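Q: The structure's right below; bear with me while I get my questions together.
We did not get these values from a lab; they are worked out from the coordinates using the rules stated. Computed from a prediction, not measured in an experiment: that's the story for all the values here. For neighbour counting, all protein chains shown are included, and Cβ atoms are generated from backbone atoms with ideal geometry for every residue, glycine included.
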Amino acid sequence: MKEQSHLKLKDLDTQDRPREKLQAHGLQSMSDTELLAIIINSGTTRHTALDLARIILNHFDNSLSKLGQADVATLCREFDGIGPARAIGIVAAMELGRRRSLQQPPARQKIACAADAFPHFARRIADLGHEEFWSMTLSSSGCIIDIRRIGQGGIAASLVDVRLVLRHAIEQSATAIIVAHNHPSGNLKPSSDDIALTRKLREAAKLLDIRLLDHLVVAGDHFASLADEGIL
């Protein structure tokens, strides 16, 4: 039996075409699948761009966060019809979205708990495939002064220099800091190295009258607080 051919985007009703829908109804009317289809741009002999977008998102549990972790080689390997050009377009779009979020000013938001700090770290490190260590400096009133990457390493461990963390705090005239790093594995449990680093940083900060309020372990959309777990 001859396989039924898939519709091309031009064969869909005008209201169902992603580009036309965006022009007519705006970005807020668009689903993630439709936006991804626009990035993919064209289909194959078997699938429309919408089909490909749907297949890709389903593979990543409809999570843009998980899609953002995929590299060009993974996309080409996992999906028929996604070659280097399409894969590069997807990866570039994901990176632009991440950079846009990083350019948003931290504002003078007051941080009262780990849940307040988490979103600021998550948009920087939640989707990364390698570990990075970041520091947030806070004023005496608990407001964010600055958020800065301190170090990065491989998947297994971050390279962290306690002196850089404290230098960042001193440069910003901070009275308190919160640090965070990500676990690309998805495991939220702090490692023995994480605990040792936290205690070392806490004691060093005390000498400079700077408080280490928390150390967050970030894994995707979730986090663990070493302060909440009684380690600090």
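Q: For the stretch 114-225, what Kirkwood radius comes out of the mean inverse Cα-Cα distance, in Å?
A: 13.7 Å
Q: Let me ask something additional. On alpha carbon coordinates alone, what is the Rg over Rh value for the stretch 9-102, Rh being the Kirkwood radius?
A: Ratio of gyration radius to Kirkwood radius for the stretch 9-102: 0.96.
Q: Which order, highest average first, do 172-184, 121-133 follow once you tally other Cβ atoms within 10 Å for each residue and take the mean per peptide?
A: Peptide ranking by packing, descending: 172-184, 121-133.
Q: Between Ala204 and Thr74, what is the spin-label point distance in nm, taking each point 7 Å from the Cα along the Cα→C-beta axis?
A: 3.2 nm
Q: Taking the Cα centre of the chain as the origin, how large is its charge dipole in debye, to the nearest 20, when only Lys and Arg (+1) and Asp and Glu (-1) carry charge on their Cβ atoms?
A: I would put it at about 480 debye.
Q: Calculate, in whole percent, how much of the Cα-Cα pair population of the chain lies beyond 29 Å.
A: Above the 29 Å cut-off, the chain has 41 percent of its Cα pairs.
Q: Could you calculate the contour length gain from Leu22 to His130, that is, 0.36 nm times the residue separation minus the distance between their Cα atoms, to one decimal place in nm?
A: Using 0.36 nm per residue and subtracting the Cα-Cα distance, I get 35.4 nm.
Q: Where does the chain land at 222 nm, in deg cm²/dmol rounded to the nearest 500, when only DSSP H runs of n ≥ 4 count, each adding -39500 (n - 2.57), divided by all residues?
A: -12500 deg cm²/dmol
Q: Given a cut-off of under 8 Å on Cα pairs at least six residues apart, what relative contact order in percent is computed for the stretch 125-232?
A: Relative contact order of the stretch 125-232: 28 percent.
Q: Let me ask something else about it. Put one equal scatterer on each alpha carbon of the stretch 72-147, apply the Debye formula with no solvent term, and list log10 I(q)/I(0) at q = 0.27 1/Å to two decimals.
A: -1.26
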